[in-house]
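Here's the structure we're looking at; comments come further down.
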């Protein structure tokens, strides 16, 4: 099967994030499916975020839960910032003259805000899992060889 250069797809950083995070080889079909799934999730989250701009408590809960799920997917916070940058790069040419420096700054601010909360959720989940592991290890009886 032919491999695909991610840069040719126009969203090279996002392809890289998906492939590295999910452990995929750069096989075109696998990457395409993963990328489409990821993009649909990203767009759904952006839509929900914008809808909750006047309900910051709900937006924070949504972003924190998303950060926690990224821990479970093994998608660390170092990749979160790429999504906002790629979104801006994708939307800017579509809006053409309607794209302004103020609009770009607004999107950057939203992504920084949301990814900051996501990072907190990620770290919270990481601490929780680490504490569960430590606690479950203490609860187990000592497994020494007691055979005579």
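Ordered by the number of other Cβ atoms lying within 10 Å of each residue's own Cβ, fewest first, 99, 107 fall into the sequence 99, 107. The largest-to-smallest principal axis extents of the Cα set in region 40-117 are 40, 27, 20 Å. Neighbour counting of Cβ atoms within 10 Å sorts the residues 127, 98, fewest neighbours leading, into 98, 127. The residues 86, 124, 102, when put in order of fewest to most other Cβ atoms within 10 Å, stand as 102, 124, 86.
What FRET efficiency would be calculated for the residue pair residue 113, residue 133, taking the C-beta separation as r and a Förster radius of 25 Å, to the nearest 0.05? Between residue 113 and residue 133 the formula returns 0.20.
Each value in this text was obtained by applying a stated rule to the coordinates, not by laboratory testing. Note that this is a predicted model, so its numbers are computed, not measured. Note that we place each Cβ from the backbone using ideal geometry, even for glycine, and neighbour counts take in every protein chain shown.
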